[in-house]
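Have a look at the structure below before the remarks.
The values are calculated or read from the model by the stated rules, or taken from the named source; none is laboratory data. The structure displayed is predicted, hence computed values, not measured ones. As a convention, Cβ positions derive from the backbone with ideal geometry for all residues, glycine included, and neighbour counts pool all protein chains shown. Ligands, DNA and RNA are excluded from the accessible area calculation, which covers all protein heavy atoms including side chains. Shrake-Rupley method; radii C 1.70, N 1.55, O 1.52, S 1.80 Å.
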Amino acid sequence: MTTIVPTSEENPFLAVVRFTSQLAWADAGPEAAEPEITRLCREAEESMVAEKWLELSSLMVTSAELVSSKISEKDLECTYTIICSIVKNAKSPEQVLEMVKAIASKVAQQPSDKASLRLKILFNLYNLVDHPYARFQVYMKALTLAVDGKVTEYIVSSFKKIDNFLKEWNIDIKDQRELFLAIANVLKENKSLVNESLKFLTKYLATFSNEDAQVLDEAKEEAVRAVIEFVKASSIFQCDLLDLPAVAQLEKDAKYAPVYQLLKIFLTQRLNAYTEFQNANSGFLQSYGLSNEDCVTKMRLLSLVDLASDESGKIPYTSIKDTLQVNEQDVELWIVKAITAKLIECKMDQMNQVLIVRQPLFRT
């Protein structure tokens with residue numbers, strides 16, 4: 001396969017158009033191919049002369065995508081390096097934004113074809129432009145491509161810089177909402193990143209704090225998802241979901257009221273309340289993919305946290321036994337589990353059968 005090497009004899013943009021059009025028409029025969037190649041090159045030349053950079057970028061990226069599956073990764077990267085450089089010729093911020101959207105959309109359109117390379121191309125485009133909102137648009141396309149192309153591992157590290165990105169992009173609430181949800185969706189693909197996924201899903205729900213009921217309704221399904229993710233996560237014992245308006249609306253919803261009730265139990269009540277809920281809502285856990293055994297385990301630990309925050313620094317083993325509904329010989333086992341999960345700082349007074357609490361975790 002021929003690699004594009006722009007020379008001083010031909011404009012690099014025209015070289016790309018010629019290269020891609022020749023490949024696209026390679027099987028048609030010279031009689032059919034030559035007129036089409038000539039036409040496309042002439043269109044490219046006319047766009048350059050008239051400085052119609054948006055039209056040129058659209059022509060080039062469309063041609064590139066027609067042959068993307070036929071060329072090597074090296075050639076595709078080289079082709080897009082030249083295509084992306086067109087944005088430097090834009091005469092206004094509006095034109096930059098239009099061109100960036102057009103290029104990024106095409107790059108992300110075929111996620112099953114060289115997905116990791118396409119992600120690299122988008123990052124290169126991101127670094128090439130100075131327009132803050134154009135950068136945001138490229139980043140959003142990269143998130144979509146990462147999920148659709150199953151290459152999320154290449155973009156997760158960038159989430160650590162989101163706060164800096166937000167300052168740079170200066171985007172409004174609706175765009176922040178879209179960003180946080182997209183990141184949460186990327187993270188949920190990796191089971192080891194469930195904590196981070198819930199963190200960004202919570203950020204998404206928090207953007208609805210000042211909205212009316214009609215807009216809040218848009219967040220209902222994601223609010224349910226956040227609650228279920230929290231309940232299901234074996235390593236997450238505190239969250240700030242309960243008072244978010246997007247979540248609070250579930251309390252009076254005919255369909256999702258039990259979801260809100262379950263969250264309230266996990267954040268404010270003890271195991272006996274969960275047991276009553278489970279008995280009154282048979283089939284509920286199964287419908288959301290929850291395990292009763294796992295829920296009981298988590299509620300026992302949370303109930304012990306609640307005991308530690310209520311008592312005056314000392315909890316009799318008998319109180320732990322009754323609250324956690326366990327056998328006497330298992331009390332210290334559950335204390336050790338809570339210490340291991342960093343839910344409480346304490347020491348066991350085995351002689352007096354008392355747990356001495358130094359510092360409990362707060363559940364919200």
I'd like the full set of residues that are in a helix (DSSP H, G or I) and more than 20 Å from PHE237 (Cβ to Cβ), limited to segment 320-331. LYS321, ASP322, GLU328, GLN329
In segment 237-263, what residues are of a type outside the set (A, V, I, L, M), within 17 Å of LEU198 (Cβ to Cβ) and part of a helix (DSSP H, G or I)? TYR260
Just to check your reading of the model, which residue among LYS321, LYS342 is surrounded by fewer than 19 Cβ atoms within 10 Å (Cβ to Cβ), touching an Asp or Glu at 6+ places or on another chain (Cβ under 6 Å), modelled with pLDDT of 90 or more and not hydroxyl-bearing (Ser, Thr, Tyr)? LYS321
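Matching residues to (1) on the phi < 0 side of the Ramachandran plot; (2) out of contact with any Asp or Glu (no Cβ under 7 Å at 6 or more places or on another chain); (3) open to solvent by 40 Å² or more (accessible area, probe 1.4 Å):
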| site | (1), (2), (3) |
| --- | --- |
| GLY29 | no, yes, no |
| SER47 | yes, no, no |
| VAL61 | yes, yes, no |
| CYS78 | yes, yes, no |
| GLU98 | yes, yes, yes |
Identity of the residue in segment 100-114, open to solvent by 70 Å² or more (accessible area, probe 1.4 Å) and assigned to a loop (DSSP other than H, G, I, E, B), that ends up nearest to VAL138 (Cα to Cα): GLN109
Among the residues in segment 244-266, are any touching a residue at least 60 places away in the same chain (Cβ under 8 Å) and either open to solvent by 60 Å² or more (accessible area, probe 1.4 Å) or aliphatic (A, V, I, L, M) (or both)? no
Near pairs, Cβ below 7 angstrom, 6+ apart or cross-chain, from segment 293-304 (on the phi > 0 side of the Ramachandran plot and among the β-branched types (Val, Ile, Thr)) to any residue that is open to solvent by 10 Å² or more (accessible area, probe 1.4 Å) and not in a helix (DSSP H, G or I): none
Quick one: would you say LYS347 is farther than 15 Å from GLN269 by Cα, part of a strand (DSSP E or B) and either basic (Lys, Arg) or open to solvent by 30 Å² or more (accessible area, probe 1.4 Å) (or both)? yes
Could you list all residues from segment 280-319 that are over 28 Å from the mean Cα position of the chain (by Cα), part of a helix (DSSP H, G or I) and acidic (Asp, Glu)? GLU293, ASP306, ASP310
In this structure, does ASP175 turn out to be more than 11 Å from the chain's Cα centre (by Cα), closer than 26 Å to TYR133 by Cβ and touching a residue at least 24 places away in the same chain (Cβ under 8 Å)? yes
Can you tell me which residue is surrounded by the fewest Cβ atoms within 10 Å (Cβ to Cβ) among those in segment 115-133 that are touching a residue at least 40 places away in the same chain (Cβ under 8 Å), assigned to a helix (DSSP H, G or I) and not basic (Lys, Arg)? ASN124
What number of residues in segment 350-364 are open to solvent by 70 Å² or more (accessible area, probe 1.4 Å) and either of a type in the set (A, V, I, L, M, F, W, C) or closer than 18 Å to ASN272 by Cα (or both)? 2
Per the filter on segment 123-175, residues of a type in the set (A, V, I, L, M) and within 22 Å of GLU189 (Cα to Cα) are VAL138, MET140, ALA142, LEU143, LEU145, ALA146, VAL147, VAL151, ILE155, VAL156, ILE162
